[in-house]
Amino acid sequence: MFVLVNPVSTGKALAEAFREEGADCLHLYDASLRAAYDADGSPHTMVHEDLAKTLEVLGGLRPTAVIAASEYGVLLADELATRLGLPHHRPEQAAARRDKELMVRALEQAGVPAARTGSVRDEAELTDLLARWDSYPVMVKPRDSAGSDGCTISADPETALTAFRAIVDRQNLMGEVNDDVLVQEFLTGTQYIVNTVSIDGRHLVSEVYAERIDHIDGAPVLRHIISRPQLDAAEAELVGYVLDCLDALGIREGAAHTEVMLTPAGPRLVEVNSRVMGPSLAPDPYHAAFGYSHQHLVVERFLRPEEFALRLELPYTAARSVAKVFLRSDRPGKLLAVDGARILRRLPGFHSIDRLPEIGQPILDRYLTTGASGIAYLVHEDEHLLLNSLGVIHDLEDSGALYRLAEQD
Amino acid sequence: MDKHAIIVGGGASGVTLFTQLATTPGIGAITVVDPNPIGLGTAFGTTDPLLLCNTSVDVTSIDPTGESDLLRYLAARGWPVHRDHFVPRYLVGQYCRERYLTYRRAAEQAGIRVRHHRARATSVGPDDGGGHTVTLDDGARLTGTDVFLCLGLDQPVVPELVRAHVGHPDLTAAPYPVGQLRRLPARARILVLGSKLAAIDAAIVLGQRGRHVVLSSPSGQLPAVRTRLTRPASSVLDLASWRQLTPDSPDFDREAARLVVSAVARAGSGAALRAQTSGATAPADRLAEELRLAESGQVPWQDAIAEIIDAINDSTAPWPADTRRTVLGRYRHVISRYISSIPVRNARLLLERLTEGTLTVAPRLPEAVTPAESGPGWLVRWADDRTEHIDHIVCAAGYHKPTLRRLPDRTLLLHSDPALAVTGTEPEISPGLRVCDPRTGEPERVWVLGAASHPRAAIVNYLNTAARQATGIATDLLWGAHDAPTPAIRVTDTIRVNDTIKANNTVKATVTATGRLV
């Protein structure tokens, strides 16, 4: 029996991969995710309301592992696994794995280079921190959120203050109130994603992606990620840095999804997430490129650990490149048609579109990485052709030709 | 001994030649030198679906003969397309890239070593072993038996008017990539320097979000409008008379005009040329009238253009360079207006914006452009002494043709900007598109294609021209590979224009109007 904690978002894809392989799983939902629990038709589901009661039930089931099946499940999975004595990440770093400031402190303690980071609770603290740093631009963002939620690049104290006011004491994408706000030196360079699956503290690098992030209206907007089938020297160094970060944060078992910036001064961590990548993990395009998906490797690690261990001796490589495009609209409005899909689907490398928005509904989350406006997948052997197709998609988006919209009331 | 071919430039012309060399016997290795991905050059590497080719699918193909290869490519990918259509340029870039990859795989399977060296070539010089050495800007030197200069158009023309201001944040020196234009502020007032194809691309991209665009060029004229540029089903040009034209004849202009007019009349079942074009002087009125004629199928002149281009290229190739420059200079306006005319879709967009008042066409270039004294933008003074504030200037006056210069030690310098070509002399290019040895006058094993062939070819900004050239060069190499002299074909009753010569079921040559094998 495997316990999947809060299998929402891409956790559903992880649960599906376990189900596909016939694994016996319990889907454990926090009480705040009651709607997801109600919608889950799996044979074994449970709502977590009381730690002692949950531990009692799980203890009786004698699970093999407790797995965080989304960002919402990271802390609870840590706690349950520790209490049940199951193999999991190091408990001492549990808080650092979930808190962006503590994450930086853990890196500093382990001697791993990290971006200059501080947190502030009120405007006076912000003003004091900015005066001490006296260096711009800075990134102002919620201490605890995801999907670029509330992130603002601030070139001066006034912009930083405005950004602070916009997010402090407001509810974030995780449903929590931003009690304090993170201020971080603005990192320049190419941002990468390094996905890993770990076993007994040994890490398998499953996928490496370069990200295209545009800065639109002062906010970072993720346009696409594209896999790196082979790594150059700087990227290999970046991957080594990520493995140091995982060790510093006590990651030992299962999936991690790490974002890291390759700056002129070397790699600098953006964040580590001890779960599978979000917000969409349709498995087929990843299989078409790598021969596996992040979630299927997690399943392999737990169901067939000997088979998984063979991969630790293999070089990182891939037969094709896969790109994931977070489709976006250049303006708000109600969706009338997806005219650009006719073009998108004929581009070299087109694989599939996931989660196209509903006709008749307003376009949501134009600046967030939630995939609410649809996600396109492309897979091709030729990276240049793939990049050309990505350019066409972004030109379609930016010229307003992807979506036909009606003005919103 | 197998040849090592070095192709300098991996744009559409380079790919066209590559596909020929990859199937030519006797070639053991091909190296393509280009800093950018092969097939995705300046013209077709652009990704905005708004930007169209101004040549139809029928003639935008790496194979100049038979059914359009681009048509086959698009059909295989599900595009509902016709040979007349003007497709977005990115599709041609993807087509070139995919054909390159296909032919590369086939070449490698046939034992040919293929390599892409990502650098810019700066010169070509003789090698002690009898071949040629290509020097690259990354410090590398490549030696090959045959060098093919497929240099494209990548250096934008910056008009003298604003040259001193290059680097100013409110000046964009080239319209491509157009993403930079789309990021210009909404409701900005923008001066586009140019009124031909690149300027029209810029105006179309900029004409959103309430921006106002002023097109300005020395002529103040927009190109004509067409619905297609395709190869004619049957010849409309009197080629026998055309071949009799001699540039130094006092009757040349009159006779050439007569042949063109009668070709147009034949294409249009007798309709007079003046009935097919507008005599209006105002650009907006002229565009509106010519758009109406095109949309109602009254522009048969367009169906003579493809044949006229080929005839001009073939017949002027043997002319001395100065003669070609002088004669073609007299027809520059006609060539740029009709041979480089625009698709109806572009004409409609321009007319919409002219009508709604978000686009204007100035009759000539401004008298002066100076940075605004306070704040961003420019002060532009016009010939009528009117001064206006402009937020941003975009240069869209086209691209420099690549320039070759020969040094005394026989080194050929390769320049993308003629302003940099200050040393050396212009090399002689043979009618067969080979650079000639300055000591003997004999053609060397260095060829020019596409834009680089402009010293010999009149109309080079046209993929069909490069495709015909590539086919001709491959034929030369094919005959050379068999140690046979390149045959001279005389036009007879049994060998006609567009007839093909095949070997191993592959088309190896086509007979041109002048009887040349291409």
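Among the numbered criteria (1) of a type in the set (S, T, N, Q); (2) more than 14 Å from every other protein chain (Cβ to nearest Cβ); (3) in a helix (DSSP H, G or I), which one does A:Ser352 miss?
(3)
Which numbered condition in (1) crowded, with 20+ Cβ neighbours inside 10 Å; (2) out of contact with any Leu (no Cβ under 9 Å at 6 or more places or on another chain) is the only one that B:Arg211 fails?
With respect to (1) crowded, with 20+ Cβ neighbours inside 10 Å; (2) out of contact with any Leu (no Cβ under 9 Å at 6 or more places or on another chain), B:Arg211 is out only on (2).
Output yes when any residue across the range A:374-386 is part of a helix (DSSP H, G or I), crowded, with 22+ Cβ neighbours inside 10 Å and within 14 Å of chain B (Cβ to nearest Cβ), and no when none is.
Yes: one or more hits.
Restricting to the range A:173-199, give me the number of residues that are small (Gly, Ala, Ser) and within 25 Å of A:Leu364 (Cα to Cα). If you could, list the steps in order and put the result at the bottom.
Just the residues of the range A:173-199 that are small (Gly, Ala, Ser), to begin with: A:175, A:189, A:198.
Subset that is within 25 Å of A:Leu364 (Cα to Cα): A:175.
Count: 1.
Based on what the data block shows, is A:Ser389 over 19 Å from the mean Cα position of the chain (by Cα) and in a strand (DSSP E or B)?
Criteria not met by A:Ser389.
Name the single residue that is farthest from A:Val66 (Cα to Cα) among those in the range A:265-309 being assigned to a helix (DSSP H, G or I) and under 18 Å from the mean Cα position of the chain (by Cα).
A:Pro285
Taking B:Gly14, is it of a type in the set (Gly, Ala, Ser), within 22 Å of A:Pro348 (Cβ to Cβ) and not in a loop (DSSP other than H, G, I, E, B)?
Against the criterion (of a type in the set (Gly, Ala, Ser), within 22 Å of A:Pro348 (Cβ to Cβ) and not in a loop (DSSP other than H, G, I, E, B)), B:Gly14 qualifies.
State the number of residues belonging to the range B:21-59 that are among the β-branched types (Val, Ile, Thr), more than 13 Å from every other protein chain (Cβ to nearest Cβ) and not in a strand (DSSP E or B).
Summing the residues that are among the β-branched types (Val, Ile, Thr), more than 13 Å from every other protein chain (Cβ to nearest Cβ) and not in a strand (DSSP E or B) in the range B:21-59 gives 6.
Suppose we filter B:Tyr90, B:Tyr73 for residues that are in contact (Cβ under 8 Å) with a residue 40 or more places away in the chain and either under 24 Å from B:Pro175 (Cα atoms) or within 14 Å of chain A (Cβ to nearest Cβ) (or both); which single one remains?
The match here is B:Tyr90.
When the residues of the range B:388-441 are narrowed to those that are at positive phi and of a type outside the set (D, E, K, R), which ends up nearest to the chain's Cα centre (by Cα)?
Looking at the filtered set, the residue picked out is B:Gly398.
Restricting the search to the range B:353-368, which residues are assigned to a helix (DSSP H, G or I) and touching a residue at least 40 places away in the same chain (Cβ under 8 Å)?
The initial filter retains those residues of the range B:353-368 that are assigned to a helix (DSSP H, G or I), namely B:353-356.
Of everything in the range B:353-368, those that are assigned to a helix (DSSP H, G or I) and touching a residue at least 40 places away in the same chain (Cβ under 8 Å) turn out to be B:Arg353, B:Leu354, B:Thr355.
Among the residues of the range A:347-372, write down those that are exposed (fewer than 15 other Cβ atoms within 10 Å of the Cβ) and closer than 25 Å to B:Gln94 by Cα.
If the condition is that a residue be exposed (fewer than 15 other Cβ atoms within 10 Å of the Cβ) and closer than 25 Å to B:Gln94 by Cα, then A:Ser352 is the only one that fits.
Which of the strands (runs of 3 or more DSSP E) found entirely inside the range A:172-236 contain at least 3 residues meeting this: surrounded by fewer than 17 Cβ atoms within 10 Å (Cβ to Cβ)?
It comes to A:202-216.
Which one of the conditions (1) modelled with pLDDT of 90 or more; (2) in contact with a Pro (Cβ under 7 Å, 6 or more places away or on another chain); (3) on the phi > 0 side of the Ramachandran plot does A:Gly147 fail to meet, given that it meets all the rest?
With (1) modelled with pLDDT of 90 or more; (2) in contact with a Pro (Cβ under 7 Å, 6 or more places away or on another chain); (3) on the phi > 0 side of the Ramachandran plot applied to A:Gly147, the lone miss is (1).
Checking the condition within 30 Å of B:Leu291 (Cα to Cα), in contact with a helix residue (DSSP H, G or I) (Cβ under 7 Å, 6 or more places away or on another chain) and of a type outside the set (Gly, Ala, Ser), which residue from B:Val394, B:Val369 passes?
Values: B:Val369 fails: within 30 Å of B:Leu291 (Cα to Cα).
The match here is B:Val394.
Answer yes if at least one residue in the range A:333-348 is in contact with a helix residue (DSSP H, G or I) (Cβ under 9 Å, 6 or more places away or on another chain), outside any loop (DSSP other than H, G, I, E, B), within 14 Å of chain B (Cβ to nearest Cβ) and without any contact (Cβ under 8 Å) to a residue 60 or more places away in the chain, and no otherwise.
yes
Does the range A:120-132 hold any residues that are part of a helix (DSSP H, G or I) and either buried (at least 20 other Cβ atoms within 10 Å of the Cβ) or under 29 Å from the mean Cα position of the chain (by Cα) (or both), and which are they?
First, the residues of the range A:120-132 that are part of a helix (DSSP H, G or I): A:123-132.
Of everything in the range A:120-132, those that are part of a helix (DSSP H, G or I) and either buried (at least 20 other Cβ atoms within 10 Å of the Cβ) or under 29 Å from the mean Cα position of the chain (by Cα) (or both) turn out to be A:Leu126, A:Leu129, A:Leu130.
Looking at (1) assigned to a helix (DSSP H, G or I); (2) within 10 Å of another protein chain (Cβ to nearest Cβ), find the lone condition where B:Trp79 falls short.
Only one criterion in (1) assigned to a helix (DSSP H, G or I); (2) within 10 Å of another protein chain (Cβ to nearest Cβ) is unmet by B:Trp79, namely (1).
For the range B:338-359, enumerate the residues that are closer than 30 Å to B:Tyr462 by Cβ and in contact with a strand residue (DSSP E or B) (Cβ under 8 Å, 6 or more places away or on another chain).
Here is the first cut: in the range B:338-359, the residues closer than 30 Å to B:Tyr462 by Cβ are B:338-354, B:359.
The answer is B:Ser341, B:Ile342, B:Pro343, B:Val344, B:Arg345, B:Asn346, B:Ala347, B:Leu350, B:Arg353, B:Leu354, B:Leu359.
Sort out which residues of the range A:392-409 are touching a Gly at 6+ places or on another chain (Cβ under 6 Å), assigned to a loop (DSSP other than H, G, I, E, B) and within 14 Å of chain B (Cβ to nearest Cβ), and write them in order of number.
Once the filter is applied, which keeps residues that are touching a Gly at 6+ places or on another chain (Cβ under 6 Å), assigned to a loop (DSSP other than H, G, I, E, B) and within 14 Å of chain B (Cβ to nearest Cβ), the range A:392-409 yields A:Ala401, A:Leu402.
Across the range B:177-208, which residue is surrounded by the fewest Cβ atoms within 10 Å (Cβ to Cβ) among those that are away from chain A (no Cβ under 12 Å) and assigned to a loop (DSSP other than H, G, I, E, B)?
Within the range B:177-208, the match that is surrounded by the fewest Cβ atoms within 10 Å (Cβ to Cβ) is B:Arg187.
Checking A:Ser280 against (1) surrounded by fewer than 20 Cβ atoms within 10 Å (Cβ to Cβ); (2) among the polar types (S, T, N, Q); (3) within 14 Å of chain B (Cβ to nearest Cβ), which test does it fail?
A:Ser280 satisfies all of (1) surrounded by fewer than 20 Cβ atoms within 10 Å (Cβ to Cβ); (2) among the polar types (S, T, N, Q); (3) within 14 Å of chain B (Cβ to nearest Cβ) except (3).
Out of (1) surrounded by fewer than 22 Cβ atoms within 10 Å (Cβ to Cβ); (2) in a loop (DSSP other than H, G, I, E, B); (3) away from chain A (no Cβ under 11 Å); (4) touching a helix residue (DSSP H, G or I) at 6+ places or on another chain (Cβ under 6 Å), what's the single condition that is false for B:Val114?
Of the numbered conditions (1) surrounded by fewer than 22 Cβ atoms within 10 Å (Cβ to Cβ); (2) in a loop (DSSP other than H, G, I, E, B); (3) away from chain A (no Cβ under 11 Å); (4) touching a helix residue (DSSP H, G or I) at 6+ places or on another chain (Cβ under 6 Å), the odd one out for B:Val114 is (2).
When the range A:46-89 is examined, which residues are found to be of a type outside the set (Ser, Thr, Tyr) and closer than 14 Å to A:Ala31 by Cα?
Of everything in the range A:46-89, those that are of a type outside the set (Ser, Thr, Tyr) and closer than 14 Å to A:Ala31 by Cα turn out to be A:Met46, A:Val47, A:His48, A:Glu49, A:Asp50, A:Leu51, A:Lys53, A:Gly73, A:Leu76.
The values are calculated or read from the model by the stated rules, or taken from the named source; none is laboratory data. Here the structure is a predicted model, which means the values were calculated and not measured. Backbone-built Cβ (ideal geometry, glycine too); neighbour counts: all protein chains shown.
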